[in-house]
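These notes concern the structure reproduced below.
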Amino acid sequence: MSEPWRLFKNLSRPVSPAEGLAVDDTLPQSVARNNSPPILHLYTFVPSVIVGKYQDIEAALRLERCRARNIEFNRRSTGGGTVIMGPEIVALGLGINMDHPRLKKGVGGVFDSLSRVLIRALGLVGIKAYFQPKNDLEVNGRKIAGLSAASEAGNCLLFHTSLLVDFNIALMTDIMNTPVIKLEDKGYNCFSQRMTTVRDELGRNLSVTEMIEAIKNSFEGEFDICFKEDGPDKWEEQTIRGFIEERYTREDWIFSHRHPRARMGIGQLKTKGGLLEIYLSLSGASIENVMITGDFFSTSADLHAIENALKWTSARRESIEDKIASVWHDNMIYGIDVATLTNAILLAKEKQVRL
């Protein structure tokens, strides 16, 4: 008998970032604390732009243009980069226990397992896609979906993706600030050559509803499960309201992870795990303060552990590597190792010394 999962399918209207993200954040909480089976949430947003958890929203976006164009903006609880959302882009949230037998272990294993579901869904509508580490689905070298994940609810995971049925590239280039380091990377020098959509690949006007049905069928086939269409129960409704009121409508959440405005050295390094941005100040030959930001995948607790370990450490390579290694564990920052993080910190040190 197929394992039963719950399906929250909201196609009656596009939702605001605050509402959609609050529902998604509730999914792993319900699996962890409310005795729920895995929950899949399929929906669309109003025109909006959402940054990753560790990005500086004021550095990532031209906020005055967002406001002028009535584009809502917010910050999600999962890592990764900036995504433009709207009624023609499928938003997907999944809450699931990381010990589920159909999930491979670790962040990389989760991306591999769940990318196969999306590859299968695209195959059902006639598109041959593949997974491109660290977190993209591509068709002939062009991005069609981005993946992100976080495990902030015990052993339960929130997985996010946005699948481009259609996409406004002109809007993206108008409202986004792209770091110079990415503009210099040939993979980012022309968004129109870097991205594609379901409709462009098929040459026909596939509906969002059809794409969502393909995703549902793909999950059922890949995980050997059956969905029960459902809605939030009372515990989940209360949790959703809490996330809206205490997180997604509060400026201290939306504008968290601001880049320091003081004179700090800035080190930027493009890595396999994403863009690392390090802000560092020195006191003599020691690290007085360090902040790690970017579009990578990690947890707040792990980043704080690294930052705290580095305070008042000698700013020599060997000391930095030793301190990071003393708190390091596998996939602490997905796709990044101790040596790479040390290199980014040393770049910030060089900039600080020149100030």
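Read the figures in this text as sums done on the coordinates, not as results from a lab. All values reported here derive from a predicted model rather than from experimental measurement. For neighbour counting, all protein chains shown are included, and Cβ atoms are generated from backbone atoms with ideal geometry for every residue, glycine included.
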In degrees, nearest 10, the alpha-carbon axis of helix 338-354 is tilted away from the dominant principal axis of the alpha carbons of the chain by 50
For N177, other-chain or 5+-apart residues with amide H closer than 5 Å (H placed, Pro excluded) are L61, R62
To the nearest 20 debye, region 265-354 has a Cα-centred charge dipole, built from +1 on Lys and Arg Cβ and -1 on Asp and Glu Cβ, of 320
Scalar couplings 3J(HN,Hα) for region 278-290 by Karplus 6.51 cos²θ - 1.76 cosθ + 1.60 (θ = phi - 60°), nearest whole Hz, x for Gly and Pro, are 10, 10, 9, 10, 10, 10, x, 9, 10, 7, 7, 8, 9
Of the listed pairs K9/K143; K105/K323; K53/K134; K105/K270, those with alpha carbons more than 18 Å apart are K9/K143; K105/K323; K105/K270
When H160, H100, H304, H41 are ranked with the fewest other C-beta atoms within 10 Å first, the list becomes H304, H100, H41, H160
Proxy exposure order for D25, D136, D233 (fewest C-beta within 10 Å first) is D233, D136, D25
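Computed FRET efficiency, Cβ-Cβ of E350 and K228, R0 45 Å: what is it to the nearest 0.05?
Computed FRET efficiency for E350 and K228 comes out at 0.20.
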Extend 7 Å from the Cα of K272 along its Cα-to-C-beta direction; within region 319-355, residues with backbone N under 14 Å of that point are 331-341
For the chain, whose charge dipole is built from +1 on Lys and Arg Cβ atoms and -1 on Asp and Glu Cβ atoms, the candidate among F255, S162, N289 with its Cα farthest towards the positive end is N289
The set of residues whose placed amide H lies less than 5 Å from the amide H of M195, leaving out same-chain residues fewer than 5 positions away, is K143
FRET efficiency (A68, L11; Cβ distance; R0 30 Å; to 0.05) is 0.55
The long-range amide H neighbours of S162, using H built 1.01 Å from N in the peptide plane and a cut-off of under 5 Å, are G146
Going residue by residue through region 103-120, the Karplus relation 6.51 cos²θ - 1.76 cosθ + 1.60 with θ = phi - 60° gives ³J(HN,Hα) values, rounded to whole Hz and with x marking Gly or Pro, of 9, 5, 7, x, 4, x, x, 4, 4, 5, 4, 7, 5, 5, 5, 6, 4, 5
Here the net charge surrounding R316, from other residues whose Cβ is less than 14 Å away from its Cβ (Lys, Arg +1; Asp, Glu -1), is -1
A correct Stokes-Einstein calculation for the chain, using the alpha-carbon Kirkwood radius, 37 °C and 0.692 mPa s, returns a whole-number D in µm² s⁻¹ of 156
Dividing the mean separation of Cα pairs under 8 Å (6+ apart) by the residue count of region 3-254 yields a relative contact order in percent of 26
Along the dipole axis of the chain (charges at Cβ: +1 for Lys and Arg, -1 for Asp and Glu; origin at the Cα centre), the most positive-end residue among S36, I212, Q132 is Q132
Honestly region 191-260 on the Cα gyration tensor test (a ≥ b ≥ c root eigenvalues; a/c under 1.5 rounded, otherwise a/b vs b/c for prolate or oblate) is just oblate
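Restricting the count to DSSP beta bridges whose residues both fall in the chain, what percent are antiparallel, rounded to a multiple of 5?
Here the share of antiparallel DSSP bridges comes out near 75 percent.
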Computed over region 265-354, the relative contact order (Cα-Cα under 8 Å, seq sep at least six) in percent reads 38
For region 300-313, in residue order, the Karplus 3J(HN,Hα) values (coefficients 6.51, -1.76, 1.60; θ = phi - 60°; whole Hz; Gly and Pro = x) are 4, 4, 5, 5, 4, 4, 5, 4, 5, 5, 7, 4, 6, 7
With the label point 7 Å along the Cα-to-beta-carbon line of T173 and a cut-off under 20 Å to each amide N, the hits in region 72-114 are 82-86
Stretched fully, the stretch from E318 through N331 gains (0.36 nm per residue minus C-alpha distance, one decimal, in nm) 2.6 nm
